[in-house]
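The values are calculated or read from the model by the stated rules, or taken from the named source; none is laboratory data. This one's a predicted model, so the numbers in the text were calculated from it and none came from an experiment. Heads up, the Cβs are rebuilt from the backbone with ideal geometry, glycines too, and the neighbour counts pull from every protein chain shown. Surface accessibility is based on the protein's heavy atoms, side chains included, excluding ligands, DNA and RNA. Shrake-Rupley method; radii C 1.70, N 1.55, O 1.52, S 1.80 Å.
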Amino acid sequence: MTALGFLHGGGARGGHHGSIGHSHGGGVKGLPSHGHGHLQSTHSHGAVRHFSAKSLLTLSPLDLFSFAIGAGAAGLLLAPVVPAAWLPFCAILGALVFNLGMVKPLMGFLLGFASNPSEGAEALVSRPAEAITKFDEQGRGLVRLTLDGQHVQLLATLESDETTKGVTVSKGDELIVLEVDPHRNVCRVTRELT
């Protein structure tokens with residue numbers, strides 16, 4: 001917020017620079033009207049001001065907050081020992097050092113503990129599964145699959161065409177998952193594609 005205010009103030013001052021031209025009309029409100037000269041403002045700084053404000057919006061609130069803390073802390077700590085003319089530069093340097101030297105590494109360290117997002121049960125389709133029980137006459141049994149590095153067990157149903165053909169599944173057989181219903185924790189498997 002401080003930086004946006006600074007840019008706005010700097011842009012407003014820059015926008016009032018202009019050329020004094022010759023005019024026979026009245027003056028600008030607030031300026032004496034002597035029949036000569038009026039202020040023509042130029043708008044060349046408008047694009048620069050717009051670009052700077054837009055680039056600041058890409059910063060995260062954490063960045064803005066850490067810049068403010070770093071600048072404020074540097075200003076408070078260095079005010080007794082640094083000349084007033086150098087204090088703004090020290091505050092900017094303090095903001096950069098605090099953000100890039102402390103906050104960014106700390107956030108990177110903390111985010112290193114975040115776990116990878118789960119792939120979900122739908123990611124098991126087309127993956128191999130191991131039968132951990134013998135399938136019954138209706139073609140049903142338990143299978144073991146690996147999801148996110150962990151073993152999961154699902155109730156599996158053999159493809160109906162294979163059940164009709166009399167295909168049997170024994171414990172330890174490898175199967176391929178054709179479809180998964182994550183709400184019921186069941187899947188449909190095939191043996192012929194292995």
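Which residue out of Gly149, Gly112 is closer than 30 Å to Asp63 by Cα and out of contact with any Pro (no Cβ under 9 Å at 6 or more places or on another chain)?
Among Gly149, Gly112, only Gly112 is closer than 30 Å to Asp63 by Cα and out of contact with any Pro (no Cβ under 9 Å at 6 or more places or on another chain).
Scan the range 182-194 for residues that are in contact with a strand residue (DSSP E or B) (Cβ under 9 Å, 6 or more places away or on another chain) and either loosely packed, with under 14 Cβ neighbours inside 10 Å or not in a strand (DSSP E or B) (or both) and jot them down.
If the condition is that a residue be in contact with a strand residue (DSSP E or B) (Cβ under 9 Å, 6 or more places away or on another chain) and either loosely packed, with under 14 Cβ neighbours inside 10 Å or not in a strand (DSSP E or B) (or both), then Arg184, Asn185, Arg191, Glu192, Leu193, Thr194 are the ones that fit.
Filter the range 166-181 for residues that are of a type in the set (A, V, I, L, M, F, W, C) and part of a loop (DSSP other than H, G, I, E, B); which is most open to solvent (accessible area, probe 1.4 Å)?
Restricting to residues being of a type in the set (A, V, I, L, M, F, W, C) and part of a loop (DSSP other than H, G, I, E, B), the top hit is Val167.
Looking only at helices (runs of 4 or more DSSP H) that fall completely inside the range 6-114, which ones have 3 or more residues that are at pLDDT 90 or above and not small (Gly, Ala, Ser)?
Of the helices (runs of 4 or more DSSP H) lying wholly inside the range 6-114, those with at least 3 residues that are at pLDDT 90 or above and not small (Gly, Ala, Ser) span 61-78, 87-98.
I'm checking my understanding of the structure. Among residues of the range 115-131 that are open to solvent by less than 30 Å² (accessible area, probe 1.4 Å) and either in contact with a strand residue (DSSP E or B) (Cβ under 6 Å, 6 or more places away or on another chain) or not small (Gly, Ala, Ser) (or both), which one is modelled with the highest pLDDT?
For the range 115-131, the residue satisfying everything is Ala131.
Contact list please: Cβ distance under 7 Å, first residue in the range 74-96 and touching a residue at least 24 places away in the same chain (Cβ under 8 Å), second residue aromatic (Phe, Trp, Tyr), pairs at least six apart or on different chains.
Close Cβ pairs (under 7 Å, with a partner that is aromatic (Phe, Trp, Tyr)) amount to Ala95/Phe67.
In the range 140-165, how many residues are open to solvent by 50 Å² or more (accessible area, probe 1.4 Å) and either of a type in the set (Lys, Arg) or out of contact with any strand residue (DSSP E or B) (no Cβ under 6 Å at 6 or more places or on another chain) (or both)?
Qualifying residue count for the region: 10.
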